[in-house]
1. If I ask for residues that are β-branched (V, I, T), in contact (Cβ under 8 Å) with a residue 24 or more places away in the chain and in a loop (DSSP other than H, G, I, E, B), which ones from segment A:363-416 would you list?
2. Which residues, counting only those in segment A:227-246, are surrounded by fewer than 20 Cβ atoms within 10 Å (Cβ to Cβ) and polar (S, T, N, Q)?
3. Which of the residues spanning segment A:336-353 are of a type in the set (A, V, I, L, M) and over 43 Å from the mean Cα position of the chain (by Cα)?
4. Among the residues of segment A:164-173, are any more than 25 Å from A:T555 (Cβ to Cβ) and either touching a His at 6+ places or on another chain (Cβ under 6 Å) or within 12 Å of chain B (Cβ to nearest Cβ) (or both)?
5. Please count how many residues of segment B:55-108 are of a type in the set (K, R) and either free of Cβ contacts under 8 Å to residues at least 12 places away in the same chain or in contact with a Ser or Thr (Cβ under 7 Å, 6 or more places away or on another chain) (or both).
6. Would you check which residues across segment A:631-646 are without any contact (Cβ under 8 Å) to a residue 40 or more places away in the chain, at the interface with chain B (Cβ under 7 Å from one of its Cβ atoms) and within 60 Å of the chain's Cα centre (by Cα) and list them?
7. Suppose we filter segment A:112-159 for residues that are within 11 Å of chain B (Cβ to nearest Cβ), within 20 Å of A:L179 (Cβ to Cβ) and touching a Pro at 6+ places or on another chain (Cβ under 8 Å); how many remain?
8. Considering only segment A:129-149, how many residues are within 21 Å of B:L68 (Cα to Cα) and of a type outside the set (A, V, I, L, M, F, W, C)?
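The values are calculated or read from the model by the stated rules, or taken from the named source; none is laboratory data. Please read all numbers here as calculations on a predicted model, not as lab measurements. Reconstructed Cβ throughout: ideal geometry from the backbone, glycine too, with neighbour counts over all protein chains shown.
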Amino acid sequence: MNLVHPTAMVLAGLAVPIVIFYILKIRLRRVPVSTLLFWEQIFEEKKPRSLWQRLRHLISLLLQLAFLALLVFALADPIFRWQQARARRIVLVVDNSASMNAVDVRPSRLHAAQAEGRRIIDGLRLGDELAIVSAGAEPRVACGLTDHPRTLHQALEAITPTDGPTRVVEAVALARRLLSGSEKRRRAVVLTDGGFDGVAELARQDDIDLIGLGKKTGNIGITRLQARRSLLDPIGYEILVEVANASDEPAAFRLELDLEDDPIDVVPLNLQPGERIVQVFEKTSAEGGRLRARIDRPDDLSADNTAWAILPSRSPRKVTLLTHGNVFLEKVFEAIPLVDLKVIKLQDGQPVPVPPVIAATSPEGLPVVVYHRTVPETLPSGHVLFIEPMRSGPLWDAGEALHNPVVARQDPESPLMAHIRLDHVLMPEARKLALKAPARVLAESAGGDPLYAVLDRPEGQSQEKVAVLTVDLDKSDLPLQTAFPIMMANLLSWFGGTKGELRESLPAGAVAEVELPPEKSPGRERVLRSPDGREQPIVVPAGSTRVTVGPLDRTGVWSVVQKSAGSAASKDQLTKANDRGGVLLELACNLADRRESDLRPAEGIPERPAGLAAGWAVRPIWYYLLASAWMLTCWEWFLYQRRWID
Amino acid sequence: MSMISWPFPIQLELSRPWWLLGLAVLPGLVYYFSRSLVDLVRWQRLLSLGLRGAIVILLILCLAGLSLVRPTRDLFVVFAADRSASVGEQGNQAIAAYLAKAVPHPRDRTIGVRVFRK
């Protein structure tokens, strides 16, 4: 045994005055009485020199000395060698992934893990140190190594649930780094439901104690949801949904789809045990918005019962047609959805007007100008389509008319030629062009003359595009073919770019790089708002509009919000989550993890390992000495007041 | 675990607050004091009661883990050392030399070295 503070033993000298006070006789009080008769009788019955009288005096002295000894030893802080040798360093790895939110263990698996963690903290022995690492979407040290129980309890309670994937293996690696270099006994205690690959192998490792949580329970979940705009239909969109039955029983339920709370489809599903089903839906909507898929069967994990996707909205496109008159051309643009058509009829000899410049920040916002049989002196801003240009322009030199050209080659790779075949189209006449600008020929005649091509603008404006179709529409049957509206729809889609077709739903725990609109009013804070209304500021690098956000550790719709002065300062989190004011960008985040949706415990997780219990003598020796002193002083008080001792 | 708030910038903490139940013996001390058979004058008896009560209270507070909580002023430093392939042998030697100079006692818990590489 060693003494931590041996100098405290000096206080044992206080025993000397205690003994002296007991040796000294107490001076008795003098009280005048009328007779000594009765006193003498009592004196004879209970002689002070009896054995008990002497023992009583001695016991009183011994009790006082024992009390002093207990206090002095407690101050000296004795410690056994075996206590020093048994000191441990423990890292508590708490799995707070999505599957830990399952409520098969009330109130949840994560709460059960925290209760288990509290028991381990309360069982720390003298000299033990413990750290806490969370193993959710991102392994994180919640508390470094310490022996302070309150700090550990606070850190354990501060671990919040996430909908992210399990990162136990990475968290254990982090725990081992925390434990490295220690001479004490090292352990990593993993509190998990085992919902990750390699759990059995991890449980077999010598320095790991794995405590399994949760029961065997089935779960139905949406494991994938994506929505994108149709490449063919400007207002069409496609939805892909994957639903899995991670249980040992067949399940019958309904899959419901709605767009901004408007129901769009309900599908009854009947899945066999372990079965997965993928469904694709095609719908139309120009507005877009939040698309939600949900299953109407409640189970122990709610995070995968609902999934979200963001459907980009489609705004009307301004198309200006300058023509001497062609009813087919006008009708084809009128027939294409979301086209805001303006027709300018030209007279012979009239100078070709240039439409006003419209500022736009994205390709889809730029106007489209269609010149039919006319060519302006300078190219207008925006996207431009030339149909049968009759004279030379900035990008080509016009030649003679081509008679009866036959399409000998068309570009099968270009999205502009999707679902189009021009080889059987009658073209009595076309205009021969010698292209001056870099071009991609989409269709050319047998003589190598371009019939349909896209060109680069000389100004280097990469967003603004130019296309030219040399066919004489008045003589050709192209306007009567189904290829013609498809050709024009493809062209308008290509002008708009493909950026707005898909805003991918992200898996929970992902980190995303997003592009934000340029800052118009500096000083206004931009925040990332979680589905439950929590906000965190976004720092956009100077001169950049791209920013990294995440990890998105909760399922639902996340928003990047431009906060106005004093906005939402007094709102609660739920109100904030539903507030669409100032939203710059929305990101859908889904569980989308078959492993997390499977709540059945993995094979190979052992029962609670032995050796984690506190055992005997978890406290330092001074603690027991002081407790003994407390009991002794109370007992001695009773004996003294009742005159059992002097 | 419970914190004790004061109007002063000092915080006290009881790590085992259930030990405060041990103060329940104080009424017992007073009871046996009132029924005492000890032949002492009143002021002596009152003094003994006061001293005994103080001893019991101090022992209970000690067992309850009364401690002073204050923010640490210790400085903790973490060195992040790039050991990737692009650093090269010469760079690694320079890093090792610097760390050996900056971290003279590797077991010092206020200093940490974190090496990162692929």
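1. Passing the criteria: A:T374, A:T378, A:V406.
2. Selection gives A:S230 alone.
3. A:L341, A:V343, A:I344, A:L346, A:V352
4. no
5. 3
6. A:C634
7. Adding up the residues that qualify gives 1.
8. Qualifying residue count for the region: 6.
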